[in-house]
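Comments concern the structure below.
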Amino acid sequence: MANERLRSAITAADLTVTDVAAQVGVDPKTVERWITKGRLPHRSHRWKTAKLLRTDEAYLWPETADDARTKSASQAEFISIYPNRGAVPHDLWRTLLDRTQKSIDILVYAGLFLPDGWPELTQILSEKARQGTRVRLAFGDPDSQAVRLRGEEEGIGDALGARIRLSLTYLKDAFIPGLEVRQHGTTLYNSIFRFDEDMLVNTHAFGSPAAQSPVLHFRRVPGGRLFDHYIKSFDRVWANATPVKEPPGQQGKGQQQEWPASTT
């Protein structure tokens, strides 16, 4: 049967069969057979295609979902679980941050523990951005319904919004070209902290602060699905978040310049 998911994904990505073939390293006729005859590509070609189309391998080829090698790769991505955020070794956060060279992605509501725990965080993030690291920080919108609801559920009311504003204030010196800050109003199912190929996922439980919930440590492995599953979640939130050009208290004062969003 024809693979309509693959056909649709290529179209949605504004690519052609020839484009995909060139990026993946196969003949265009091979890609055509993947689509029209439902042929299952070689494992490495599936990974490259899924990455190119920004989707999951199992979505394009559902028959791979039960593949033993895929399950093994996903299990290999799992490094450790910590019963709560305080149990994550302090040195681990700093080690991951220091050795990151390509991408730092942080998705939180307030994330106040970061500037509280590392007074030098602003300097580190700014220096990373100047060196070419893509830094994306997504905080909650303190005026959004999602943040208000989370504050009520945790029993802290408007304090959550205040914590968000405080985090942004602490990070005011990080508002530099190359470092992007956005605010979102989505329901936050997990806080995500990505450092190149490592990721810490702070799970959330209804009525409990994030700090009291488990933290999962993943490291990306080719063919695994866990790391990519969460980074896609981050990307979906990021795509709908609102850029923040100036820290609280600076809006409208003309003290900060606007700059184009990073394309790296």
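The values are calculated or read from the model by the stated rules, or taken from the named source; none is laboratory data. What you see is a predicted model, and the numbers here were worked out from it, not measured in a lab. All Cβ positions, even for glycine, are placed from backbone atoms using ideal geometry, and neighbour counts span all protein chains on display. Just the protein is used for accessible areas: all its heavy atoms, side chains included, with ligands, DNA and RNA removed. Shrake-Rupley method; radii C 1.70, N 1.55, O 1.52, S 1.80 Å.
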Among the residues of the range 40-63, how many are part of a loop (DSSP other than H, G, I, E, B) and under 19 Å from the mean Cα position of the chain (by Cα)?
4
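Let's see how each residue does on (1) buried (at least 18 other Cβ atoms within 10 Å of the Cβ); (2) within 19 Å of His229 (Cβ to Cβ):
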residue: Met1; (1), (2): no, no
residue: Ile10; (1), (2): yes, no
residue: Gly25; (1), (2): no, no
residue: Lys37; (1), (2): no, no
residue: Arg46; (1), (2): yes, yes
residue: Glu63; (1), (2): no, yes
residue: Ala87; (1), (2): no, no
residue: Gly111; (1), (2): yes, no
residue: Leu114; (1), (2): yes, no
Do we have any residue at all in the range 157-170 that's open to solvent by less than 10 Å² (accessible area, probe 1.4 Å), touching a Pro at 6+ places or on another chain (Cβ under 8 Å) and more than 20 Å from Trp238 (Cβ to Cβ)?
yes
Can you tell me which residue is nearest to Trp93 (Cα to Cα) among those in the range 171-199 that are of a type in the set (Ser, Thr, Tyr) and buried (at least 18 other Cβ atoms within 10 Å of the Cβ)?
Ser191
Test: Ala211 is modelled with pLDDT of 90 or more, over 12 Å from the mean Cα position of the chain (by Cα) and open to solvent by less than 60 Å² (accessible area, probe 1.4 Å):
yes
